[in-house]
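Below is one structure, written out as structure tokens; comments come after it.
The values are calculated or read from the model by the stated rules, or taken from the named source; none is laboratory data. Just so we're clear, the structure is a prediction, and the values are computed from it rather than from any experiment. Cβ sites come from the backbone with ideal geometry, for glycine too, and all protein chains shown count toward neighbours. The accessibility values were calculated without ligands, DNA or RNA, using every heavy atom of the protein model including side chains. Shrake-Rupley method; radii C 1.70, N 1.55, O 1.52, S 1.80 Å.
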Amino acid sequence: MMSTTTAVILVAGIGSRLRPLTDDRPKALVEVHGRSILARAVDALVAHGVGHVVLATGYRQDAIARQMETCRARVTLCHNPRFDTTQNVVSLALCRDAVAGEGFFKLDGDVLFQSDVLRRLDASAADLAVAVDERRALDEEAMKVEARAGRIVAFGKALPLEGAAGESIGIERVSGSVCERLFDAIDATVSAGHTDVYYEHVYDQLVRDGLVADAVAVGDLPWTEVDDPADLSRAAEMFD
């Protein structure tokens, strides 16, 4: 089992569908039963052994910084000044120096999850371990994966529903051996002007070029992405 001690959390988004809750804070700081989505994620990471949390910030970085003042891990903020005009591939690119070639967990900042997800990802020996819900009913908006014998061969929202192995929930573990390769590909994408794509666009390129990526099944564990009030209500029902 790997022991990943660095995590990157993407928390740059505005969360406009959750207004007015996000008028003064990014979506990651919206609370579920009095604890923010970000605090819940960081607590799970620290309990797993993560000692360095890298936050890709954008909207209301000041609010993120205040919340992290008492964090038990070392915290690095990487600000994306173009958060409102670029996609998350740019935010992730800006975390390269902070990651410094280490293996890392990458988390979307709007996902609530059970900490067993992290343990399962670290149990994979693949270059890229991807938490995949193989049970949830898929729709056109889901970030789908195609897999063969548990190995991911494609990522994308546009993948056909009938051939998809499940939904990527927005949490992965990148091994140290491919960290630089990943960021090289991300930098090439951004330098080419493709600032409007998701980081999964780069994952897709890499797996098609031979990167070994495991689909780690987590469909039996509670998790949810929070985009709107209905999601927030669902999160409150799933998590204490």
Revision key, fill the gap. Scanning the stretch 70-106 residue by residue, the ones that are in contact with a strand residue (DSSP E or B) (Cβ under 8 Å, 6 or more places away or on another chain), buried (at least 19 other Cβ atoms within 10 Å of the Cβ) and farther than 24 Å from LEU118 by Cβ total 2
Study note, to complete from the structure: Cβ pairs under 6 Å, 6+ apart or interchain, first in the stretch 110-137 and without any contact (Cβ under 8 Å) to a residue 12 or more places away in the chain, second aromatic (Phe, Trp, Tyr), ordered by first then second residue, are none
Review point. For the stretch 158-212, which residues satisfy the criterion of being surrounded by 17 or more Cβ atoms within 10 Å (Cβ to Cβ), assigned to a helix (DSSP H, G or I) and among the acidic types (Asp, Glu)?
Key: GLU200, ASP204
Revision key, fill the gap. Filtering the stretch 109-153 down to residues that are in contact with a strand residue (DSSP E or B) (Cβ under 8 Å, 6 or more places away or on another chain) and among the basic types (Lys, Arg) yields ARG120, ARG135, ARG136, LYS144, ARG151
Practice item. Looking only at the stretch 182-206, count how many residues are polar (S, T, N, Q) and over 10 Å from ALA93 (Cβ atoms). Key: 1
Check your understanding: Which ones in the stretch 18-69 are in a strand (DSSP E or B) and open to solvent by 10 Å² or more (accessible area, probe 1.4 Å)?
Key -> GLU31, ARG35, HIS52, ARG60
Check your understanding: Only one of (1) more than 22 Å from VAL197 (Cα to Cα); (2) touching a residue at least 40 places away in the same chain (Cβ under 8 Å) fails for ARG96. Which number is that?
Key -> (1)
Review point. Among (1) over 21 Å from ASP220 (Cβ atoms); (2) of a type in the set (Gly, Ala, Ser); (3) modelled with pLDDT of 95 or more, which single condition is ALA126 missing?
Key: (1)
Point to revise | Selected residue [more than 26 Å from GLU31 (Cα to Cα) and under 17 Å from the mean Cα position of the chain (by Cα)] from LEU221, LEU138, LEU211, LEU182 | key: LEU182
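Collect the residues in the stretch 7-17 that are of a type outside the set (A, V, I, L, M) and part of a loop (DSSP other than H, G, I, E, B), keeping them in residue-number order. I'd like the intermediate steps shown before the answer.
Here is the first cut: in the stretch 7-17, the ones of a type outside the set (A, V, I, L, M) are 13, 15-17.
Scanning the stretch 7-17 gives GLY13, GLY15.
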Point to revise | Boolean, ALA56 is small (Gly, Ala, Ser) and under 17 Å from the mean Cα position of the chain (by Cα) | key: yes
Review point. Restricting the stretch 135-153 to residues that are more than 27 Å from GLU102 (Cβ to Cβ) and part of a strand (DSSP E or B), which is most open to solvent (accessible area, probe 1.4 Å)?
Key: ARG148
Check your understanding: Quick one: MET238 ticks every box in (1) among the aliphatic types (A, V, I, L, M); (2) open to solvent by less than 60 Å² (accessible area, probe 1.4 Å); (3) within 27 Å of LYS27 (Cβ to Cβ) bar one, so which box is it?
Key -> (2)
